[in-house]
Amino acid sequence: EHHRCRPAEYVAHLLGHEGAGSCLAALKAAGLATDLSAGLQEDTSAAAEFAVSVDLTPRGASELDSVVAAVLAFLGFLVRAGPQAWVQEELRGLAALRFKFAESEPEVDYCRRIALSMAQPFYPPEPDAVLSGDHLLSAWRPELVEELLSRLTPSSLLLTVVIAESGAAGDGGDAAGPGGEWQVEPWFDTQFRVCPPLSAERRS
C-alpha cells in the first residue's frame, strides 16, 4: 500500500547501517556482534513483520540482554530524532541507481514478477510506473515512519535465538537447562527448547 514511500526501508536503512555511530558499530565495539541486518520479512495485506537479525559473538550469545537493549536503544534514538527528509532522498537516489543498473533476469521470471505486481490492488495506475513501481521511491510521508517506529516496541518483540549449545540432548550434555526440556520437532527431527518470556529488564 505504501510502495511509493516504503517507510520500512527508511528504518531498515538506518538500523542496518554499518558506519560510525551505528547500532552495529556499538555492538562490535562491545564485542557482542559481527553483523546486523533489518527489513520486512513478512509483508501481506493483513500484517507485516519487521525483522532484525544479529550475528552474535560468543560473548553476545551470553549477554543477550545487552544486545536487545542496544537495538531497542537505537530505535529509541530514531524516534527522538524524528524522520529526516535527507535520508529519504538518499534512499531515493539509491533506488534509482539500482533500477537503472539492475542485473538482467530470465524473461519468464521478469514477466511473472511484473504480472504479480500488477495484480495487487495498490499497484500504481500510471502506465510509466508499470516497470518501475516496485523499485523507485516517489513520495515522502514522514508520518508513516513515525507510525512504524511507534510499533517497534518491547511489547511487540518476538525474540528468537538460534545457537549451538553443548548441552543439547543427544551430545552428552544435560537434557534440561535454563530454556527447559529439549524437544524434537516432528517434521525435520530438529532439537529445540522454549525459553521463558522476556525478563523485566528486557521489557523496560
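Legend: residues Cys23, Cys111, sorted from most to least accessible area (1.4 Å probe; ligands, DNA and RNA excluded), read Cys111, Cys23.
In whole percent, how big is the carbon plus sulfur part of the accessible area of the range 1-85, probe 1.4 Å, protein atoms only? C and S fraction of accessible area: 53 percent. Rg and Dmax of the range 52-109, based on Cα coordinates, read 18.3, 48 Å.
Extents of the range 1-90, largest first, come to 41, 29, 19 Å (Cα atoms, principal axes, whole angstrom). For the range 28-159, the fraction of C-alpha pairs farther apart than 23 angstrom is 51 percent. Compared with the alpha-carbon gap, the fully stretched path from Ile163 to Asp189 is longer by 7.7 nm at 0.36 nm per residue.
Assuming a ≥ b ≥ c are the square roots of the Cα gyration tensor eigenvalues, decide whether the range 125-164 counts as rounded (a/c under 1.5), prolate (otherwise, with a/b larger than b/c) or oblate. Verdict is oblate for the range 125-164.
Note down the relative contact order for the range 10-130 as a percent, whole number, built from C-alpha pairs under 8 angstrom at least six residues apart.
Relative CO of the range 10-130 lands at 17 percent.
The values are calculated or read from the model by the stated rules, or taken from the named source; none is laboratory data. Owing to the predicted nature of the structure, the values given are computational and were not obtained by experimental measurement. Each accessible area value is taken on the protein alone, full model and side chains, heavy atoms only, with ligands, DNA and RNA left out. Shrake-Rupley method; radii C 1.70, N 1.55, O 1.52, S 1.80 Å.
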